[in-house]
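A short write-up of the structure that comes next.
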Amino acid sequence: MPTSFFTANGKFHRGNLHTHSTQSDGVLTAQEVCRRYQDEGYDFIALTDHFVGLFDYPITDTTGYCNGKFTTIPAAELHTGVMENGNLWHLLAIGLPFDFTPPNAPHFKPVEGAESAADIAQRAREAGAFVAIAHPHWSGMTEADARTITAAHAVETYNYGCIVDNDRGEGFITLEHLLNGGRRLNLIAADDAHFNTPDHFGGWVMVKASQNTPEALLEALKAGEFYSSTGPEIKDIRITSDGVEVDCSSAVTIVVQGKGTSMATLHGRSMTTGKLSLSRLANSPWLRITVIDRAGKRAWSNPIWIGDPGEFPPEWGVNN
Ligand SMILES: [Zn+2]
Ligand SMILES: [Zn+2]
């Protein structure tokens, strides 16, 4: 088990993994979307236009807008299969080949007999993509729905566009149900920007990679070498003999969450490092960390897997 996280070589790159352009229902061209993200200080984006027949199944080519400081990962938001509530699935596939075979998804309504969401997620993963379950709350996704997507790498636990436009932007409960069922998934914050409302620059990932290239970013995403944020930075997380230490940008609260009601909380002023006991998390196989700043903005670590309940390292002194 690692005792320190973010140990990979390289630096953190700020990216948005969920965006739309005029290639589907966004209002800005792909070029202008890329310009705005770069000028807002992002290092990369994935343009995830809706992969439906209505828009001619776009995997928008943004390679012309990459330069020495900004890059893009070919991607799409996939739609096929039906959820328990009768709605069409939305899945993010980051790092799709341009020749990825479309499903039978002519528009935003499920088609009987079409490929299932679980199958297209698997196919996207096998084609090299990082796959995320999009906006579970807004979709009205059940836990059983979410469980079917066994190929997912992550759950989109914060969708800023949904926060802004329907106040149903969070997916932490979906993620935690899956974690508690033993699924090792990560989490992403993203914008889902269409630029028709103030739906942009609100949630992102910070990916630690040796180079700002699509290949290096994708590899780091799949390896979980990233955290998500709406503002604060997480600089390091260390597991020590008596708890967890977090280095971050100035924070007022640091929380460790685990299975069920297990938790640890540290409140303070302008904290740039915090140490929390894990004594109340002894029976959780996973931990995750939230950093909250004075403005209420948050950063979220990916879940850290410890092992089976009661199998914390003996030096933690919490196995009882
Ligand atoms: Zn969507
Ligand atoms: Zn979307």
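The values are calculated or read from the model by the stated rules, or taken from the named source; none is laboratory data. Here the structure is a predicted model, which is why all the values come from computation and not from measurement. Reconstructed Cβ throughout: ideal geometry from the backbone, glycine too, with neighbour counts over all protein chains shown.
If the condition is being over 23 Å from the mean Cα position of the chain (by Cα) and at positive phi, then the range 269-300 contributes only S270. Of G81, G68, G171, G128, all but one fail to be closer than 30 Å to E40 by Cβ, free of Cβ contacts under 8 Å to residues at least 60 places away in the same chain and either away from ligand 2 (no atom under 16 Å from the Cβ) or among the polar types (S, T, N, Q) (or both); the exception is G68.
Reported count of residues in the range 1-25, each being more than 20 Å from S301 (Cα to Cα) and buried (at least 24 other Cβ atoms within 10 Å of the Cβ), is 3.
Right, I120: crowded, with 24+ Cβ neighbours inside 10 Å, part of a helix (DSSP H, G or I) and touching a Gly at 6+ places or on another chain (Cβ under 8 Å) or not?
Spelling it out, I120 is indeed crowded, with 24+ Cβ neighbours inside 10 Å, part of a helix (DSSP H, G or I) and touching a Gly at 6+ places or on another chain (Cβ under 8 Å).
From the list T197, T240, T261, the lone residue that is over 16 Å from the mean Cα position of the chain (by Cα) and at pLDDT 95 or above is T197.
Scanning the range 163-176 turns up one or more residues that are away from ligand 1 (no atom under 16 Å from the Cβ) and crowded, with 19+ Cβ neighbours inside 10 Å. Within the range 226-243, the residues that satisfy the criterion of being in contact with a helix residue (DSSP H, G or I) (Cβ under 9 Å, 6 or more places away or on another chain) and either assigned to a strand (DSSP E or B) or under 19 Å from E170 (Cα atoms) (or both) are F226, T230, I239, T240, G243. For the range 60-95, residues that are over 20 Å from the mean Cα position of the chain (by Cα), under 21 Å from H135 (Cβ atoms) and of a type in the set (V, I, T) total 3. When you look at V256, is it hydrophobic (A, V, I, L, M, F, W, C) and within 19 Å of P303 (Cβ to Cβ), yes or no? In short, yes. Annotation: of all residues in the range 28-58 being within 16 Å of ligand 1 (Cβ to nearest atom) and in a loop (DSSP other than H, G, I, E, B), the one that is surrounded by the most Cβ atoms within 10 Å (Cβ to Cβ) is T48.
Name the single residue that is farthest from ligand 2 (Cβ to nearest atom) among those in the range 133-147 being over 18 Å from I120 (Cβ atoms) and not in a helix (DSSP H, G or I). For the range 133-147, the residue satisfying everything is T142. When the residues of the range 207-229 are narrowed to those that are of a type in the set (A, V, I, L, M, F, W, C) and buried (at least 22 other Cβ atoms within 10 Å of the Cβ), which ends up farthest from ligand 1 (Cβ to nearest atom)? Checked the range 207-229; the qualifying residue farthest from ligand 1 (Cβ to nearest atom) is A209.
Go through the residues of the range 175-188 one by one and say whether even a single one is within 16 Å of ligand 2 (Cβ to nearest atom) and at pLDDT 95 or above.
yes
Here the condition is being loosely packed, with under 15 Cβ neighbours inside 10 Å, more than 13 Å from ligand 1 (Cβ to nearest atom), within 23 Å of T22 (Cβ to Cβ) and in the same structural domain as A189 (by TED's automatic domain parsing); of G95, G64, G68, it holds for G64 alone. Screening the candidates R294, R288 for the property of being at pLDDT 90 or above and loosely packed, with under 15 Cβ neighbours inside 10 Å yields one hit, R294.
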